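Notes follow once the structure below has been shown.
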Amino acid sequence: MENKGLDISSYQKGISFDSIKNSVNFLILRAGFTGWGTGVSYHKDDCFENFYKQAKTRNIPVGAYWYSCANTYEKGKAEAEYMYNNCLKNKQFEYPIYIDVEENRHQQVGKTAVANAIKGFC
């Protein structure tokens, strides 16, 4: 059995949920991200609420992720708390909640710091 999904954010603004509903089994929505610079400026994705509503209306299972800039346990925890309180609270998710740590410039602090940020987030 093949399971197909999409990771979508405001970069896919205008996506037609009717056109994808029969080609995907799930969606992973970007709930938000931490801004560059200080690494403590949190932003809810402009399309998160609309995408969540569109997916739920069409019975497409969803998960969510936070695009992280955390490099300490405390910053990871703060990102997760913001995500929960401003994006996830009172919503239902069929797929996991993720932390996205793909940004190379934040990984330059070393594996231990990134691991600690992930632990804080979790």
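The values are calculated or read from the model by the stated rules, or taken from the named source; none is laboratory data. Quantities reported herein were computed from a predicted structural model and do not represent experimental measurements. For neighbour counting, all protein chains shown are included, and Cβ atoms are generated from backbone atoms with ideal geometry for every residue, glycine included. Just the protein is used for accessible areas: all its heavy atoms, side chains included, with ligands, DNA and RNA removed. Shrake-Rupley method; radii C 1.70, N 1.55, O 1.52, S 1.80 Å.
Quick look at the values:
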quantity: Val114 vs. criteria among the β-branched types (Val, Ile, Thr) and over 18 Å from Ser9 (Cβ atoms); calculated: yes
quantity: Qualifying residue in the range 50-68 (condition: farther than 29 Å from Lys4 by Cα and free of Cβ contacts under 8 Å to residues at least 60 places away in the same chain); calculated: no
quantity: Restricting the range 14-53 to residues that are β-branched (Val, Ile, Thr) and under 16 Å from Tyr82 (Cβ atoms), the residue that is least open to solvent (accessible area, probe 1.4 Å); calculated: Thr34
quantity: First in the range 95-118 and within 12 Å of Thr34 (Cβ to Cβ) and at pLDDT below 95, second anywhere and β-branched (Val, Ile, Thr) and in a helix (DSSP H, G or I), Cβ under 6 Å, 6 or more apart; calculated: Val101/Val114
quantity: Flag for Lys75 being surrounded by fewer than 18 Cβ atoms within 10 Å (Cβ to Cβ), out of contact with any Pro (no Cβ under 6 Å at 6 or more places or on another chain) and not hydrophobic (A, V, I, L, M, F, W, C); calculated: no
quantity: Verdict on Tyr95 being within 20 Å of Lys4 (Cα to Cα), hydroxyl-bearing (Ser, Thr, Tyr) and crowded, with 18+ Cβ neighbours inside 10 Å; calculated: no
